[in-house]
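Participant: Before we start, here is the structure in question, set down as structure tokens.
The values are calculated or read from the model by the stated rules, or taken from the named source; none is laboratory data. This is a predicted model, so every value here is computed, not measured. Methodologically, a virtual Cβ is constructed for each residue, glycine included, from the backbone with ideal geometry; neighbour enumeration extends over all protein chains shown.
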Amino acid sequence: MSSKEGTGWLDSAVFYEIYPQSFKDSNADGIGDINGIIEKLDYIRELGCTAIWLNPCFESPFGDAGYDVSDYYKVASRYGTNEDLRRLFDEVHARDMHILLDLVPGHTSVEHPWFQQSMKAEKNEFTDRYIWTDSIWEEPTGCASLRGISQRDGSCAVNFFSHQPALNYGYYKPDPEKKWQQSFDDEGPQQTIEAMKDVMRFWLSMGCDGFRVDMAGSLVKCDEDGKGTIRLWQNIRAFLDAEFPDAAMVSEWGEPDKSLQGGFHMDFLLHFGPSHYNDLFRCEKPFFAGEGDVSEFVNKYIESYEKSERKGLICIPSGNHDMDRLAKTIQGDRLKIAFAFLLSMPGAPFIYYGDEIGMRKVEGLASVEGGYDRTGSRSPMQWDHSTNAGFSTAPKSDLYISQDESVDRPTASDQMADEHSLRSEIKRLIEIRQSHEALQSRGEIIFIYAEKNAYPLAYIRSCETEQILVVINPSDHDVVFPCEYVLKEPLYSFGGKLRVTGEGLCAPARSAGFYKL
Ligand code: NOJ
Ligand code: CA
């Protein structure tokens, strides 16, 4: 069982995202596995991370890297056994850490037995487990479809790739003309939700601490304001409150006001949609590359901050398995400055494996497991200078994705030995975050300088007992901004300290600093 202690640990959590395929191969078959993760837990803890988000590790044909589950109850044999996963939970807890599994409630693989049954012409228990129209010639409203492979006469809604049929949680307002559209209260959607609760029950009873939930905001269809999906999650929240009050829930939703209403503890800032997250790190002129604009990101951030009652529980990831590696656009000192930002914002920070050493995107790879342009950001971790950078002792040709072959590819071992490395800087930043509540998830934030096409970015983080000014200047210029605070010695400074001038404070070129007010 998970340790009975509530979800308070989330307030100071710093997450590390593990893509299991690519982290550490313990049995030389060229693909990462659970025993490999266990071997490297001390590495994650030493960095200062306190929690793990593990990408899907369940049985799957791996047409979308495991986001196409064919058995929710079984660890994919290439990663190990359910017993290995249970041991991972125990080993994580023994290090005073926590772990979230990736729950994919929106769709399954076409190979899932539920779908195999649902495709049959005769009615059965799984007929309404997915969203089907009544005729192969009719498309499901608001979704792409999969058709032509079932005995059943109908088209099935899909969520992401066309081999990921959408589980049936109903339509927000079913169209009476379309009898096949069901409402959340109908039997099919109710059974789907109970089936998903069973899945959660299974892993939570085994000791996982909660879930990162895939596509959490799009389960009920044609639900523009999210009201139906919020209601669905409130139903799950009631189940969790009753049976697993300690389960932590983090959503891939991108609208924290809705996600928190649905009972999630935290939501993710997404790299698509209206968030302007990409303005920071991944656009033609990213703010953190030194010549960009942060103002629209900040405006949007404040908007969702206000909407979610200034709770600020929006997690900003360094990257993830769906986007270009951070180091593709941001390098050198600026990567350190980017982490000074990421590790001083509200919500829990999420570090994508390898971002702590500045792993690069491997360009030009053919798609692996439905990765397409994401494949190069999923290459195996670079641990050291041994065979395959210490990822695996298999022949290079057996690695399931090729590694970065550059002679100067970064490695964890080099960076651990160098106090000026990116990893060492991140370790320092995490230590500072962990010793100042104002910098942690629930500390308030007020932006004091975030002007259009201008540097620096300045904000104040605060809690009842302290206030900390954070000033971030990734540009190549010393920049002055109006600010009347009297400064003490910095808690943290990189690239030089702030100076007082006639017009305000001057932030040195390529610098970041935290100042207690
Ligand atoms: C979001 C996941 O992060 C991504 O990797 C996946 O392809 C889609 N959801 C579909 O499940
Ligand atoms: Ca392996």
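Participant: Specify the residue that is nearest to ligand 1 (Cβ to nearest atom); the eligible residues are those in region 32-50 that are surrounded by 24 or more Cβ atoms within 10 Å (Cβ to Cβ) and farther than 20 Å from residue 415 by Cα.
Facilitator: 32
Participant: Output the helices (runs of 4 or more DSSP H) that fall wholly within region 260-366 and possess 1 or more residues being within 16 Å of ligand 1 (Cβ to nearest atom) and either closer than 17 Å to residue 16 by Cα or touching a Leu at 6+ places or on another chain (Cβ under 7 Å) (or both), or say none.
Facilitator: 277-281
Participant: Could you please tell me which pairs satisfy a Cβ distance under 6 Å, a separation of 6+ or placement on different chains, a first residue in region 320-333 that is closer than 24 Å to residue 512 by Cα, and a second residue that is hydrophobic (A, V, I, L, M, F, W, C) and surrounded by fewer than 22 Cβ atoms within 10 Å (Cβ to Cβ)?
Facilitator: Listed by first residue and then by second, the contacts come to 329/289; 330/289.
Participant: If residue 267 meets every condition in (1) of a type in the set (D, E, K, R); (2) surrounded by 21 or more Cβ atoms within 10 Å (Cβ to Cβ); (3) modelled with pLDDT under 95 apart from one, which number is that one?
Facilitator: The number of the failed condition is (3).
Participant: Can we say residue 111 is assigned to a loop (DSSP other than H, G, I, E, B) and within 27 Å of the chain's Cα centre (by Cα)?
Facilitator: Yes.
Participant: Here is a follow-up. Considering only region 414-517, give the strands (runs of 3 or more DSSP E) lying wholly within it that have at least 1 residues that are crowded, with 16+ Cβ neighbours inside 10 Å, over 24 Å from the mean Cα position of the chain (by Cα) and among the hydroxyl-bearing types (Ser, Thr, Tyr).
Facilitator: 444-449, 457-462, 490-494, 511-516
Participant: Restricting the search to region 63-77, which residues are within 16 Å of ligand 2 (Cβ to nearest atom) and either surrounded by fewer than 20 Cβ atoms within 10 Å (Cβ to Cβ) or outside any loop (DSSP other than H, G, I, E, B) (or both)?
Facilitator: 75, 77 - these are the residues of region 63-77 that are within 16 Å of ligand 2 (Cβ to nearest atom) and either surrounded by fewer than 20 Cβ atoms within 10 Å (Cβ to Cβ) or outside any loop (DSSP other than H, G, I, E, B) (or both).
Participant: Among what's in region 169-219 and is of a type in the set (Ser, Thr, Tyr) and in a loop (DSSP other than H, G, I, E, B), pick the residue that is nearest to residue 9 (Cα to Cα).
Facilitator: The extreme case among them is 169.
Participant: All but one of (1) within 16 Å of residue 274 (Cβ to Cβ); (2) touching a helix residue (DSSP H, G or I) at 6+ places or on another chain (Cβ under 7 Å) hold for residue 289; state the number of the condition that does not hold.
Facilitator: (1)
Participant: Does at least one position in region 41-59 carry a residue that is within 16 Å of ligand 2 (Cβ to nearest atom) and on the phi > 0 side of the Ramachandran plot?
Facilitator: No, because not a single residue in region 41-59 is within 16 Å of ligand 2 (Cβ to nearest atom) and on the phi > 0 side of the Ramachandran plot.
Participant: Here is a follow-up. Within the bounds of region 282-297, is there any residue that is in contact with a His (Cβ under 9 Å, 6 or more places away or on another chain), at pLDDT 95 or above, of a type in the set (Val, Ile, Thr) and over 30 Å from residue 190 (Cα atoms)?
Facilitator: Looking through region 282-297, at least one residue is in contact with a His (Cβ under 9 Å, 6 or more places away or on another chain), at pLDDT 95 or above, of a type in the set (Val, Ile, Thr) and over 30 Å from residue 190 (Cα atoms).
Participant: Test residue 295 against the stated conditions and say whether it is closer than 26 Å to residue 490 by Cα and either within 16 Å of ligand 2 (Cβ to nearest atom) or touching a Phe, Trp or Tyr at 6+ places or on another chain (Cβ under 8 Å) (or both). Spell out the reasoning first.
Facilitator: Values: closer than 26 Å to residue 490 by Cα: yes; either within 16 Å of ligand 2 (Cβ to nearest atom) or touching a Phe, Trp or Tyr at 6+ places or on another chain (Cβ under 8 Å) (or both): no.
No; evaluated as a whole, the condition is false for this residue.
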